[in-house]
Amino acid sequence: MTKSFYLTTPIYYVNDAPHIGHAYTTVAGDVLTRWHRQKGESVWFLTGTDEHGQKVMRTAEENNTVPQLWVDRLVRDAWKPNWDALNIANDDFIRTTEERHTVRVQKFLQSLKDSGHIYEGKYEGPYCVGCEEFKLPGDLIEIDGQKCCPTHSKPIELVNENNWFFKLSGFSQRLLEHYRANPDACAPESARNEVIAFLESGVSDLSISRSTFDWGIPVPWDTNQVVYVWFDALLNYATAVGLTDTPDSEGGKKFASTWPADVHLVGKDILRFHAVIWPAMLIAAGIEVPKKVFAHGWLLVGGEKMSKSKLTGIAPKDITDHFGIDAFRYYFLRAIPFGSDGSFSWEDMSARYTSELANDFGNLVSRSAAMIEKYCDGRLPAVSHDVALEAELVKAVAQADSAICALDFQGGILAIMEFCKTVNGYVTEKEPWILAKDPANESALNEILYNTAESLRALAVLLNPLMPSTCEILWDSLGAQTVLGDLSAQKIDDVARWGQLPQGVTVTKVASLFPRLEDNV
Ligand code: MSP
């Protein structure tokens with residue numbers, strides 16, 4: 001059985017509608033999985049929603065409704081339509097209130113209890129409902145004389161309950177060995193260092209149940225308690241693909257063909273949950289740990305993490321209405337090194353839209369198609385070659401592939417856009433519009449037009465994971481669909497093979513791929 005490349009995003013809290021910070025992670029996951037699909041790999045891409053816990057429960061109460069109705073409405077009206085609108089091609093969407101999840105969580109928990117990893121104890125200490133996290137006194141900051149969570153700047157609550165505990169402390173050594181032996185298991189390096197330092201400082205056992213509210217999965221052997229929301233949520237990555245099902249069942253087979261996950265994409269604020277608690281839970285159950293946890297940085301507004309609770313959340317639609325969906329998908333991955341924080345600014349986005357997308361890419365497409373229409377009646381001339389251009393393409397593909405597979409989206413996009421600039425330079429230098437004035441130059445003119453169209457074919461394939469709708473338009477404009485088949489079926493490994501567009505194919509002009517912004521407001 002072939003193992004799929006399995007990538008997950010965090011599952012998002014449904015206390016509110018999505019903002020661009022959430023979209024940042026999901027778009028990155030979508031681009032990476034589309035890239036791997038175009039490498040010919042079998043891929044499984046999971047996203048979903050985290051629906052239990054006090055944060056969601058309280059929001060429902062504040063809105064005079066019950067949690068289940070609240071989450072059903074938000075998932076239906078806000079989250080799923082948002083991912084559709086951003087062209088996210090996830091294979092599955094898990095909700096933690098689904099039975100397939102709750103049943104498997106209970107089975108998993110029972111097995112940990114049966115194998116002696118869980119005990120009863122008393123938890124006393126601070127808790128941040130915004131993070132849904134038990135805090136250490138040293139984690140807190142003081143605001144107006146109150147102990148507050150540094151992420152949410154809101155007062156913490158004191159919890160004093162009898163709970164069930166997971167023996168997390170027993171796994172620090174194993175995890176340290178794991179991260180030291182597998183440097184790729186946690187990235188980027190700053191994230192790995194943080195996790196190693198955290199593990200070295202010693203880890204306490206974890207309270208994994210709550211008794212003061214009931215919006216959660218009941219602990220199977222003690223139904224007065226519900227499972228701690230993070231313990232429930234982390235399991236989604238494995239319950240969605242059949243964890244705990246027997247090997248010969250459908251779920252068991254799915255598990256065998258996906259697990260371990262290849263990449264868990266997370267924001268840096270939730271790194272420890274994923275790089276410490278989650279693998280410890282898996283080791284305790286005798287299950288393989290994920291191959292990689294990658295922590296990206298935050299989108300900042302005014303120097304702080306953008307968030308709905310601080311009223312700095314920007315809805316994706318606010319940006320896509322102005323710039324379009326593909327420019328949105330392009331901008332954040334192009335502008336911010338994945339792993340670092342980055343500030344969003346309309347000015348920077350407008351500048352890149354105009355120079356990189358409208359001028360470098362969009363204009364190249366429109367002027368090439370217009371020239372083939374004008375000088376060749378819209379029929380592609382005979383196959384020709386340009387050694388320098390072909391060499392640049394080979395280089396761009398190699399660079400882009402290694403960068404994107406290492407989650408260096410910026411490096412990958414730059415390599416592709418550099419090739420786009422090279423093609424622009426080629427057209428500018430060869431001046432086909434001047435050659436076209438004298439019929440004696442016909443063969444030179446045809447060569448230039450063919451080489452440009454063939455370069456655009458490659459750009460359509462390489463940029464497709466990032467900007468699928470735009471590249472689809474380009475693919476149609478090149479007449480490529482009829483001769484080469486679906487764009488998404490084109491392989492990265494084959495993209496640099498020159499001469500794939502045959503002579504005579506019909507090239508048509510299309511409306512501007514990236515219209516001038518003032519026309520678009
Ligand atoms: N429900 C948990 C995750 C459970 S996964 C088993 C959660 N949800 S969240 O909705 O608060 O955040 C989900 C993801 O969005 C996190 O990776 C977080 O880092 C990311 N982002 C939220 N705000 C962000 C920015 N301002 N910038 C970038 N990413 C941000 O945590």
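The values are calculated or read from the model by the stated rules, or taken from the named source; none is laboratory data. This is a predicted model, so every value here is computed, not measured. Cβ placement follows ideal geometry from the backbone for every residue including glycine, while neighbour counts extend to all protein chains displayed.
Spot the failing condition for Val71; the list is (1) of a type outside the set (Phe, Trp, Tyr); (2) under 29 Å from the mean Cα position of the chain (by Cα); (3) more than 18 Å from Pro18 (Cβ to Cβ), and only one is missed.
Going through the list (1) of a type outside the set (Phe, Trp, Tyr); (2) under 29 Å from the mean Cα position of the chain (by Cα); (3) more than 18 Å from Pro18 (Cβ to Cβ), Val71 breaks only (3).
What do you reckon, is Ala89 farther than 30 Å from Pro155 by Cβ, under 12 Å from the mean Cα position of the chain (by Cα) and modelled with pLDDT of 95 or more?
Values: farther than 30 Å from Pro155 by Cβ: yes; under 12 Å from the mean Cα position of the chain (by Cα): yes; modelled with pLDDT of 95 or more: yes.
Considered against the rule, which asks whether it is farther than 30 Å from Pro155 by Cβ, under 12 Å from the mean Cα position of the chain (by Cα) and modelled with pLDDT of 95 or more, Ala89 comes out as yes.
Are any residues in region 282-304 touching a helix residue (DSSP H, G or I) at 6+ places or on another chain (Cβ under 7 Å), assigned to a strand (DSSP E or B) and of a type in the set (Val, Ile, Thr), and if so, which ones?
Across region 282-304, the qualifying residue is only Val293.
Looking at Pro279, Pro260, which one is away from the ligand (no atom under 12 Å from the Cβ) and assigned to a loop (DSSP other than H, G, I, E, B)?
Matching residue, one of Pro279, Pro260: Pro260.
Out of (1) touching a residue at least 60 places away in the same chain (Cβ under 8 Å); (2) surrounded by 14 or more Cβ atoms within 10 Å (Cβ to Cβ); (3) among the acidic types (Asp, Glu), the odd one out for Asp493 is which?
(2)
Pick from Asp326, Asp321: which is away from the ligand (no atom under 14 Å from the Cβ) and free of Cβ contacts under 8 Å to residues at least 12 places away in the same chain?
Working: Asp326 fails: free of Cβ contacts under 8 Å to residues at least 12 places away in the same chain.
Asp321 is the lone residue from the list that is away from the ligand (no atom under 14 Å from the Cβ) and free of Cβ contacts under 8 Å to residues at least 12 places away in the same chain.
If you scan region 298-317, which residues turn out to be in contact (Cβ under 8 Å) with a residue 40 or more places away in the chain and closer than 16 Å to Asp348 by Cβ? Walk me through how you get there before you give the answer.
Restricting attention to region 298-317, the residues satisfying the condition of being in contact (Cβ under 8 Å) with a residue 40 or more places away in the chain are 298-301, 303, 305-310, 313-317.
Scanning region 298-317 gives Leu299, Leu300, Val301, Gly303, Met306, Ile314.
Yes or no: Asp348 of a type in the set (D, E, K, R) and within 11 Å of the ligand (Cβ to nearest atom)?
Details: of a type in the set (D, E, K, R): yes; within 11 Å of the ligand (Cβ to nearest atom): no.
Criteria not met by Asp348.
Go through region 58-95 and report how many residues are touching a residue at least 60 places away in the same chain (Cβ under 8 Å), farther than 27 Å from Met467 by Cβ and surrounded by fewer than 17 Cβ atoms within 10 Å (Cβ to Cβ).
Of the residues in region 58-95, 1 are touching a residue at least 60 places away in the same chain (Cβ under 8 Å), farther than 27 Å from Met467 by Cβ and surrounded by fewer than 17 Cβ atoms within 10 Å (Cβ to Cβ).
State whether one or more residues within region 442-449 are surrounded by fewer than 21 Cβ atoms within 10 Å (Cβ to Cβ), of a type in the set (D, E, K, R), free of Cβ contacts under 8 Å to residues at least 40 places away in the same chain and assigned to a helix (DSSP H, G or I).
Looking for residues that are surrounded by fewer than 21 Cβ atoms within 10 Å (Cβ to Cβ), of a type in the set (D, E, K, R), free of Cβ contacts under 8 Å to residues at least 40 places away in the same chain and assigned to a helix (DSSP H, G or I), one finds at least one in region 442-449, hence yes.
What number of residues in region 386-407 are crowded, with 19+ Cβ neighbours inside 10 Å and either assigned to a loop (DSSP other than H, G, I, E, B) or polar (S, T, N, Q) (or both)?
Residues in region 386-407 being crowded, with 19+ Cβ neighbours inside 10 Å and either assigned to a loop (DSSP other than H, G, I, E, B) or polar (S, T, N, Q) (or both): 2 in total.
Can you tell which of Ala191, Ala197 is free of Cβ contacts under 8 Å to residues at least 24 places away in the same chain and part of a helix (DSSP H, G or I)? Step through it out loud before you land on a result.
On the way: Ala191 fails: free of Cβ contacts under 8 Å to residues at least 24 places away in the same chain.
Being free of Cβ contacts under 8 Å to residues at least 24 places away in the same chain and part of a helix (DSSP H, G or I) holds for just one of Ala191, Ala197, which is Ala197.
Any residue at all in region 103-120 that is surrounded by 15 or more Cβ atoms within 10 Å (Cβ to Cβ), part of a loop (DSSP other than H, G, I, E, B) and more than 32 Å from the chain's Cα centre (by Cα)?
Yes; the residues of region 103-120 include at least one that is surrounded by 15 or more Cβ atoms within 10 Å (Cβ to Cβ), part of a loop (DSSP other than H, G, I, E, B) and more than 32 Å from the chain's Cα centre (by Cα).
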